[in-house]
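Read the structure below first, then the notes.
Please treat every number below as a calculation from the coordinates, not as lab data. Source: prediction; values computed, not measured. Here Cβ is always computed from backbone atoms with ideal geometry, including for glycine, and neighbour counts include all displayed protein chains.
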Ligand code: 3PG
Ligand code: MG
């Protein structure tokens, strides 16, 4: 893989693919609720423009739908507020081009190689070289991520370089014990990665919405908690495989359960094996918080992806906060894997430097750990 230092950028138009896909407050204002990915993209933008490049940023936002550019553009979301925030953070004006959200163009995400290739040709005419720095999107075989770099001299940006270095260390050279913590909503998103993590980790702590399917797989009632009933057989399989390999799987022992999903819902703590039929789990209980902290105490490597509860509601943030603090206290390599967990760390006000690395890639980090080939990295590795 080549890096920015290997690329002649002075006076040239550089097409920079960044991942500026930030969460927006969809309940009202459309405001950016966490600008971590924008901030993580700044160093490369500044580096390129300091070296005399004319930087043209390509990025996506959300998952616009509709069959035409016009339909998608009408439905949004527009990158305009992201461009404005970028300008504020860079301290220089960012002009907003007609390119807009690159996913407004249906060909960007097309499964048809020819359609994507033609769109990439059009994009390629806008610049002379390509820099891929959108780590969070490298798992997507999209025109601006995969096809475009194949058409131009290209290099990986510093963010991609650093993210890959950390993930490579996790997969090839992790100090032991290596403890993985997985939260978040659905096991279906993460069973494949758990399968591969059984080859890598010594201990896997399962919390958040995912845990209920694991509890159900052990035969417990989970009330109204999120349950992916169709995943129960796959979860049983993973549990059996963990047992065979001697990987310790740790589940919650108590939970905060609420009458319904709301900020001010009535709630109480129950044993994980005794969730009442009319309650839903919304956070880890105090015994679980202590257990998870104990299981992290001797770790030399930690990868954490996914919150333990509905941290957006203060009453149900204690589990995620305790976990974030326990990971921060670890004396070793600590990696917070993208998306919601990175946003949770920032929302809870925990200093980012408490961790070795906070990834900008949720799905991308998980697919890397799953052992999958990531199209965006394949393209950057190709000769140019
Ligand atoms: C992400 O947020 O996961 C990346 O920006 C990729 O977006 P996607 O999951 O909508 O492809
Ligand atoms: Mg995603």
Nearest 10 degrees, 0 to 90: what angle lies between the long axis of helix 187-197 and the longest principal axis of the chain (Cα atoms)? 90
Between the Cα axis of helix 80-90 and the main Cα principal axis of the chain, the angle (0 to 90°, nearest 10) is 90
Looking only at 60, 357, 260, which one moves most when the chain is put into a Gaussian network model with springs between Cα atoms under 10 Å? 260
Counting alpha carbon pairs within less than 8 Å and at least 6 residues apart, what relative contact order, in whole percent, applies to region 138-281? 21
Contact order normalised by residue count of the chain, Cα under 8 Å, 6+ apart, percent: 17
Taking R0 as 22 Å, what FRET efficiency do you get between residue 245 and residue 298 from their Cβ-Cβ distance, rounded to the nearest 0.05? 0.70
Provide the packing ranking of 103-109, 205-211, 120-126, i.e. peptides ordered by the mean count of other C-beta atoms within 10 Å per residue, highest first. 205-211, 103-109, 120-126
With a/c under 1.5 counting as rounded, go ahead and sort region 140-224 into rounded, prolate or oblate using the C-alpha gyration tensor (a ≥ b ≥ c being the square roots of the eigenvalues; past the cut-off, prolate if a/b is larger than b/c, else oblate). oblate
Please give the calculated 222 nm ellipticity per residue for the chain, where each DSSP H segment of at least 4 residues contributes -39500 (n - 2.57) and the sum is spread over every residue; nearest 500 deg cm²/dmol? -11000 deg cm²/dmol
Rounded to the nearest 5, what % of DSSP beta bridges with both residues in region 258-384 are antiparallel? 25
Hydrodynamic calc, region 232-331: Kirkwood Rh from Cα pairs, then Stokes-Einstein at 4 °C with viscosity 1.567 mPa s, so D in µm² s⁻¹ is 88
Which peptide among 167-179, 68-80 comes first, and what is the full order, when sorted by highest mean count of other Cβ atoms within 10 Å? 167-179, 68-80
Express as a percent, rounded to the nearest 5, the fraction of DSSP beta bridges in region 158-288 (both residues included) that run antiparallel. 55
Using the alpha-carbon atoms, what tilt in degrees (0 to 90, nearest 10) does helix 158-172 show relative to the longest principal axis of the chain? 40
Please state the relative contact order of region 240-328 as a whole percent: Cα pairs under 8 Å, 6+ residues apart? 26
